[in-house]
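The numbers here are math on the coordinates, done by the rules we state, and not lab data. None of the values given here were measured: they were computed from a predicted structure.
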Amino acid sequence: MTETVFTQLLDLACGALLLCAVLVLWRRELAVAIRVFAIQGAALAALGGVLAAHEGSTELWVVAAGVLVLRTGLLPILLRRALAASGDQRRESRPLVNVSASLLAAAALTLLAYAVARPLTRLAPSPATQAIPVAVAVVLIGFFVLVTRRRALSQVVGFLLMDNGITAVGFLTVSDIGLIVEVGVSLDVLLAVLVLQVLTTRMRESFGDTDIDDLRELRE
């Protein structure tokens, strides 16, 4: 693979990662958010595959395949089951920040990511390190989703967006990523989603809703 082709494919995969994060902010339908998360998982796996092909790393190929199976297959299936169990609560109707302000915040967070990651890109200039700000932006946007959405399932999606961004940073900064470490992190994420799915189902059965503000009012 030539450097030109490598750079173009890398930019394409990173662009898809960032675009999917912004789409989650734009669309309020939870089913759409889950679908976009699955697409982002495919983009993350493609990012790993591009790096694996460029470096000739079998280990990276294995990690990329694991990411593809987990984040485009298993996790979206679990999220769809949680959504089905939530009844008619299929839309983020009352986010703390509206769509227009959320998109402006995404732009600001992207600029912040480029400012924060600038020392890393200067430390070791390469096509991979130049893409680090995009991965950091995905982490920040995922955190923004996590803190501004009211539905428990929306917050789970925000948490998973953060994890995708962190994994992308790992791909871009570590040329020889440890397979055992990545598998361990993926299993932690899977366990967290399973626990959150159970909690969401229990909240729905007990209180009839998964709106965090409504649950807070019940406590008070």
So who's got an amide H within less than 5 Å of the one on R91, skipping anything under 5 residues away but keeping other chains? H placed 1.01 Å off N, in plane. L30
Give me the number: length gained by fully extending A124 to E3, i.e. 0.36 nm times residue separation minus the C-alpha to C-alpha distance, one decimal in nm. 41.9 nm
